[in-house]
1. Percent of Cα-Cα pairs more than 16 Å apart in segment 47-113, please.
2. When DSSP assigns beta bridges and you keep just the ones with both residues in the chain, what percent turn out antiparallel, to the nearest 5?
3. How about Lys198: which aspartates and glutamates have a C-alpha closer than 15 Å to its C-alpha, ignoring those fewer than 8 places off in the same chain?
4. Over 5 Å intervals from 0, what percent of Cα-Cα pairs in segment 43-164 sits in each interval?
5. How far apart, in nanometres, would the label points at Glu96 and Glu206 be if each is projected 7 angstrom from Cα along the Cα-to-Cβ direction?
6. By how many degrees, between 0 and 90 and to the nearest 10, does the Cα long axis of helix 286-298 differ from the longest principal axis of the chain?
7. How would you rank 39-45, 225-231, highest first, on the average number of other Cβ atoms within 10 Å across their residues?
8. Kindly express, to the nearest 10 degrees and within the range 0 to 90, the angle between helix 80-98's C-alpha long axis and the longest C-alpha principal axis of the chain.
Amino acid sequence: MKRDVDIPLGYRFSVAAAGIKYENRTDMALIYSEREAVAAGVFTTNRVKAAPVVLDMKRLRSATARAIVVNSGNANACTGQRGMKDAESVCVRISERLDIPEKHVLVASTGVIGIPLPMDRVYGGLEALTGGTVGADMEDVARAIMTTDKFPKFASRRIRIGKTDAVLSGMAKGAGMISPNMATMLCFLLTDLAVEKKTLKRTLREATDRTFNLITVDGDMSTNDTVIMMANGLAGNSPLTETSPGYRRFRTALLELMDELSRMIVKDGEGATRLMIIRLRGARNAADAKKAAFSVARSPLVKTAVYGRDANWGRIMAALGYSGAFIREDSIDISINGIKLVGNGLATGRDPEASDALKHGAETVIDINLKLGPASERVYTCDLTEEYVRINAAYRT
């Protein structure tokens with residue numbers, strides 16, 4: 001059964017089954033704004049960037065867009081000049097079919113690296129996408145862009161700015177090769193609010209840093225990571241700037257929406273059975289807080305201990321020690337799901353109680369207090385299981 005969510009004014013969606021890699025499922029999607037929208041993007045920091053990432057980074061210098069075309073099953077990465085020509089060709093076809101400027105068409109791809117797009121199938125998918133698909137919605141788009149994902153990821157927020165009612169919505173995919181700056185993920189955010197170009201770009205960057213850049217599944221970074229946001233202004237408000245009365249409400253709503261999507265990605269980590277929340281406080285500074293929190297979140301030993309429902313706090317302590325953050329062993333407190341296991345660096349003897357608590361619930365919360373300063377950080381991760389190995393061993397077959 002489909003889950004109803006709010007959709008901003010002026011956006012249309014279509015999906016198609018092109019057979020790029022997957023059989024008997026949709027694997028291409030189109031997001032289209034009826035009006036030219038202010039647009040911004042955040043992309044992977046991997047030095048190896050897929051053709052669609054390179055193309056979108058250039059096109060978003062103008063901060064305007066009308067359409068986003070997405071395919072799953074093939075990343076169009078490490079495909080040389082052919083890959084760039086193929087990405088551009090997709091944009092040309094869509095611009096002609098929709099009668100919009102080519103420069104206002106963006107592309108995104110996800111899937112296997114190093115294999116050229118099967119353009120005969122892609123062209124067939126483009127024809128279907130622009131042929132008036134009826135009834136497609138955000139969930140359909142979220143399903144079409146899935147690779148190893150187990151469920152579609154989409155959410156919305158209603159927001160009131162002055163006398164204007166508006167909607168923020170988002171669709172995302174991602175389950176593996178998830179590590180910050182950014183993760184192996186695609187995310188498309190839409191709103192009918194009017195937002196000034198520099199404000200949208202800055203706000204999206206800040207929100208990404210506080211959400212998608214604070215998640216990790218396996219420590220691997222992709223070539224295709226993309227977050228794109230469009231704001232078409234059909235809600236009718238005056239364009240928001242950082243000094244506008246309603247700006248903080250917009251910023252908070254966007255953070256909440258992106259946080260919800262980032263939790264979905266980690267919850268759906270390849271093979272994962274448990275969402276893990278690492279909450280670290282008491283670091284000397286923000287840099288140390290982030291280093292320490294991520295060190296615990298990335299540790300295969302911590303992640304496998306949680307999967308085994310073993311409150312092995314020694315693995316957490318070791319990860320803090322090699323994190324590069326300044327710590328003092330004799331000042332560290334560690335709790336798991338509210339049960340204090342370590343006080344001032346020493347065991348409290350409650351390991352069996354905490355291990356039993358790990359057997360229940362869908363989330364594991366690890367609280368760490370370094371007691372050295374005012375800085376804190378929160379990172380989402382997940383446990384590590386045999387299923388992760390199975391999925392990735394067979395990814396290209």
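1. Considering segment 47-113, 42 percent of its Cα-Cα pairs are separated by more than 16 Å.
2. Here the share of antiparallel DSSP bridges comes out near 70 percent.
3. Straight-distance partners of Lys198: Glu206, Glu242.
4. Percent of pairs per bin, in order: 2, 10, 18, 21, 20, 15, 8, 3, 2, 1, 0.
5. Inter-label distance under the simple model: 4.4 nm.
6. 90
7. Values: 39-45: 21.9, 225-231: 27.4.
Going by the mean number of other Cβ atoms within 10 Å, highest first, we get 225-231, 39-45.
8. Taking Cα atoms only, the helix is inclined about 60 degrees.
Throughout, read-outs are computed from the coordinates displayed, never taken from laboratory work. Keep in mind that what you see is a predicted model, and the values were worked out from it rather than measured. FYI the Cβ positions are ideal-geometry reconstructions off the backbone, even for glycines, and counts take in every protein chain you see.
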